[in-house]
Amino acid sequence: MSEFKEYAAWDAPTRWFHWLNVLAVVGLIGTGLVVLFDDALGLSASGKLTLKSVHASFGYVMVFNLFWRFAWAFLGNRYARWRAIVPGGPGYFVALRAYTDSFLTGEPQQYVGHNPLARIAVALLFLLLLVQAVTGLVLVGTDLYWPPFGHWFAAWVAAPGVDPSLVVPGAAHLIDNTSYDAMRAFRSPFVEVHELGFYALAALIVLHVIAVVATEVHEGGSITSAMFTGRKILSRPPPDAP
Ligand code: HEM
């Protein structure tokens, strides 16, 4: 009979990051979908503006939370750190092979932190969130003139002699049309990347949930509850324990 042992896996800041990120991303995907289909849904101009403001407010929560998590990857416990997330480093490919081999034999290795396969998915998730954060912050500057770049875009499009701090969405009489068109052309690739990022992220989130359920079913190890309690209960000695 296997012997169960309990391990401290996710520290409190990592768990808080995770669930706050889930809430913010669900809000972003929900409101982002409506922005994507705003014309088909027949939204008015002011309705679109309100929607973008709500979407961007979820966005700021996501961005602060994400940057906080990136800082925590330098400070947190061994399972919260960059070297436990980013695939690569000494012995990574050997560990990946050992993990996939063990998975195929039906007795997968049980990790306290991310297993080597999960590290690829988690690093990709972080990368896509970063892409959405950067492009989103540019878009909120071009659409609503909100920080951190809004003042710069307002100064770009303001008509000669107009104080950029007075420029608000829809105030056509305060805007120089040629500069506005140039600003919209600059913005265009950011919209494209933001939209592609959305599709990629949505697909990866589905994959992430499937992988978590599959791991829980195949390995046991209480990996879902560990994101609430911080503790994993494992029946085999984990390769990444101290
Ligand atoms: C998980 C992260 C995010 C997802 C999945 C997401 C999703 C989306 C989607 C699907 C759209 C519609 C794109 C289109 O109209 O072509 C959109 C638009 C937008 N997003 Fe995000 N977004 C995210 C993060 C952010 C962040 C962090 C901000 C800013 C703080 C932001 C600001 C905006 C703005 C201003 C628009 C309007 C662009 C337009 O006028 O079409 N987003 N987002």
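Quick notes
- Unique match (being over 23 Å from THR100 (Cβ atoms), surrounded by fewer than 16 Cβ atoms within 10 Å (Cβ to Cβ) and of a type in the set (Ser, Thr, Tyr)) among SER235, SER188: SER188
- Conditions (1) outside any helix (DSSP H, G or I); (2) surrounded by 15 or more Cβ atoms within 10 Å (Cβ to Cβ); (3) of a type outside the set (Phe, Trp, Tyr): number failed by ALA40: (2)
- LYS52, sole failed condition from (1) of a type in the set (Lys, Arg); (2) near the ligand (Cβ under 10 Å from one of its atoms); (3) under 14 Å from the mean Cα position of the chain (by Cα): (3)
Every read-out reported here was derived from the displayed coordinates using simple, explicitly stated rules and does not represent laboratory data. Keep in mind it's a predicted model, so treat the numbers as computed, not measured. Cβ coordinates were reconstructed from backbone atoms using ideal geometry, including for glycine residues, and neighbour counts include every protein chain displayed.
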